[in-house]
Each structure stands twice: as structure tokens, then as C-alpha cells.
Amino acid sequence: MSVIRLLVLGAVRQHGRAHGYQVRNDLEFWGAHEWSNAKPGSIYHALKQMAKQGLLVAHEVAPSTVGGPPRVEYEVTDKGTEEYFTLLRESLTSHDQKVDVLSAGVGFIVDLPREEAVALLKERVRGLADWRAGVTDYYLPEAGPAQLGHIGEIMNMWLHLADSGAEWTRGLIARIEGGAYTFAGEGEPFVGVLAEDDPNPYATGQPHPGDAS
């Protein structure tokens, strides 16, 4: 799945309406430029592409103060909201994706009802168990990695990834079931976005010309 689409849709949705530099600033504030492909060029490209696809609507709101093109603010459409929740649910259940997908999903998990979040994470645990069982069809953990030469280290690594992934997910499930965090329908959730005038200590560059998107 495209993690940049999930990140950008989620960032715009948290603001209601946001221009490209706000989205970029939020994602850098979350560190997404370090653990995903959310680099400036890909963010602006995703905004434009999703506007063309009807997932976002673009509003020209004011000329740039530096003489560039008008500022463009984006808003998530109904179609974009449907896409966002599809990607969010997939990110929490798909055990065979890169860690950036899970990271993005956890970042927006409170947009779901608590019970649904738990159910999706339990589905993730089942998927990891199935994956682990598939590995042990070819590799016997008790015999150690040397049974297959150094190639056995690959399958040994897979088992450790499956085990550690399941352990972490079960821990998150326990915290959520224990009442941690504020989920959809429970009140105002934590929203980690910057106000437009707040400095971003993690910013990697200057605003895009015209803050256009």
C-alpha cells in the first residue's frame, strides 16, 4: 500500500483544510521523513495527484506574500475519507508490509472506535501467527539456523520478527483495552499538529513557493 497517501490524507484531515507546507511540517514534526518516504517532493506530488483523483479538493485562497502562485489549501472529500479509512484499516492488519505502514497506522489509530482498533490488531496477531507457522514448515527452530547453513539465519530472523511483532501488538492491545488514549466517539483525541505560526524544530527546509501544494 502507499504509505504517503495515508499520511497525507490523515494530515489534511486533522486540520480540516491545510496547505502543502502545513502537511509537510506536520509529517516532519512526527518524524515521518525519517521512517517513511514522506519527503517534500512526494508530499506535494501526492497532494496534486489525490486532488486529480477526487480524494482531495483544492481551494485557492490567497496570493503568496512572496509573489508566487496563490496558496492552495486542500480538504478531504467523502471519497478521500473512504480511502483514508480503507488504508488505515489495512495498515493495522497487514503484517507483511514495511514498518512505515504500521507506523502510519498507529499514528492515526485513534480515528477508529476503540473496539475496532482492538479487533484489527488482533487480526494482525493472527496474521503473524500464520506467517510464523508457514516459516516453520521449512525451518525447525529447535534445530537452530545452522540446519540450513547460513541461509537458515534468514528464517531465524523471520521467526524473531514474527515473535517480536506479535509481542508488541499484544502489548498495544492490552494498553488500549485497559483504557489508554482517546478514540473516536470518546471525546477530543490527542492531535499532534502544529499551529501555523508554531516553529517546527524538525523542519528540513523552507516553505514551498506559494505554499502550493
Notebook entry, point to check: Quick one: if you stick a label point 7 Å off each Cα along the C-beta vector at residue 1 and residue 98, how many nm between them?
Noted result: 1.5 nm
Item checked: Whole-Hz couplings from phi, Karplus 6.51/-1.76/1.60, listed for the stretch 88-101; x for Gly and Pro -> 4, 5, 5, 5, 8, 9, 7, 8, 9, 9, 5, 5, 5, 5
Notebook entry, point to check: Given 0.36 nm per residue, what is the gain on full extension from residue 190 to residue 150 after removing their alpha carbon distance, in nm?
Noted result: 9.8 nm
Item checked: Global geometry of the stretch 1-49, whether rounded, prolate or oblate, following the gyration tensor of its Cα atoms and the 1.5 cut on a/c -> rounded
Checklist line | Inter-probe distance in nm under a simple model that places probes 7 Å from Cα toward Cβ, at residue 111 and residue 130 | finding: 2.5 nm
Note to self: Could you give each residue of the stretch 102-110 its phi-based ³J(HN,Hα) in whole Hz, using Karplus coefficients 6.51, -1.76, 1.60 with θ = phi - 60°, and x for Gly or Pro?
What the structure shows: 5, 4, 5, x, 5, x, 10, 4, 6
Check: What FRET efficiency comes out for the pair residue 53/residue 137, r = Cβ-Cβ distance, R0 = 45 Å, nearest 0.05?
Finding: 0.65
Note to self: Given contacts defined as C-alpha pairs under 8 Å and at least six residues apart, what's the relative contact order of the stretch 71-171, whole-number percent?
What the structure shows: 25 percent
Check: In the P(r) worked out for the stretch 88-179, what percent of Cα pairs fall beyond 14 Å?
Finding: 66 percent
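Where a number appears in this text, it was derived from the coordinates with a stated rule and is not lab data. Worth saying up front: this structure is predicted, and the values here are computed from it rather than measured. With ideal geometry, Cβ positions are generated from the backbone for all residues, glycine too; neighbour counts draw on all protein chains shown.
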